[in-house]
Amino acid sequence: MSDDSESRGDWAARLEPLRREPGRTAILTDVDGTLAPIVERAEEAAVPAAARAALASLSERYGLVGCVSGRRAEEARRLVGLDGIAYAGNHGLELLLPGEEAVLPDPSLNGRERQAAEFVAGLDAATLRSVGLRLEDKGPIQALHWRGAEAETHAEGCAHEIAAAAGQAGLEPRWGRKVLELRPVGGGGKDAAVASLLAGPFAAAVFAGDDRTDLDAFRRLRELREKGELETAICVGVTSPEAPPELAEESDLRVEGPDGWLAILESLAA
Ligand SMILES: [Mg+2]
């Protein structure tokens, strides 16, 4: 365990408020890097069976269990493998409620569903391939990945040029762990995802994440606490060597990797 993360004795007492009124408590989690270990290719990611079992057991006791992911909502559900919990996908642009089949798009998209796809269609596919940038079509969001590229630093440099051009074309670039995502400006975000999931009578909520986009959720959770809409809000930073520095600064407690978060989920489920 790194110096930065906390041992079980440290966090057990701080999580106690979450157990007081389970029916009015929400357990929210990012997926990649938080539940599922990061792998070279996003399509090879897997949620460990123990994490799936912990979430299933939590969903029987707590008011809401939800996954908030940059993946599409249906893809997040497939990966986690549970129908009975909520999924906010595409960084909050999609909502898939427990047991439902229909994905609800975020109203903020409003006719701009194809804007990012049209921009990346104009990029030179041969150039992207030659620098090792892989395109992922996520509907309203288009992602460029360079994890595993032969020259990752060079690929990242090209991604910065593309981000600048995308910004000029009216898109919003967002950075993740070796990924650039291009999306319509405004709306969505994990902050919006958290707000729509918590639009019920909740007293307490916990959110765990490992990356920059999760900070939006941290900030929204804190805002809800400051406004008195939540009595307890706990932001858990899942640390890794790739974590942005703000993650440690902005989290209420830190654990090391998906195993550290799993230990908390299991303890809340026990
Ligand atoms: Mg993540």
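The values are calculated or read from the model by the stated rules, or taken from the named source; none is laboratory data. Keep in mind it's a predicted model, so treat the numbers as computed, not measured. Cβ: placed from backbone, ideal geometry, glycine included. Neighbour counts: every protein chain shown.
Can you tell me which of G237, G260 is more than 23 Å from A143 (Cα to Cα), modelled with pLDDT of 95 or more and not in a helix (DSSP H, G or I)?
From the options G237, G260, the qualifying one is G237.
Quick check: is even one residue across the stretch 251-263 surrounded by fewer than 20 Cβ atoms within 10 Å (Cβ to Cβ) and in contact with a Leu (Cβ under 7 Å, 6 or more places away or on another chain)?
No: zero hits.
Being in the same structural domain as E172 (by TED's automatic domain parsing), more than 16 Å from the ligand (Cβ to nearest atom) and on the phi > 0 side of the Ramachandran plot: is that true of G81 here?
So G81 does not fit the description; no.
Conditions first: (1) surrounded by 15 or more Cβ atoms within 10 Å (Cβ to Cβ); (2) assigned by TED's automatic domain parsing to the domain that holds P258; (3) free of Cβ contacts under 8 Å to residues at least 12 places away in the same chain. P173 passes all but one, so which condition is the exception?
(2)
Going by the conditions given, is L224 part of a loop (DSSP other than H, G, I, E, B) and of a type in the set (A, V, I, L, M, F, W, C)?
When the stated conditions are applied, L224 does not pass them.
Restricting attention to the stretch 11-53, and to residues there that are farther than 30 Å from G132 by Cα and in contact with an Asp or Glu (Cβ under 8 Å, 6 or more places away or on another chain), which single residue is nearest to the ligand (Cβ to nearest atom)?
A50
Between S108, S130, S59, S69, which is over 20 Å from the mean Cα position of the chain (by Cα) and of a type in the set (G, A, S)?
Just a single option satisfies the conditions, and that option is S130.
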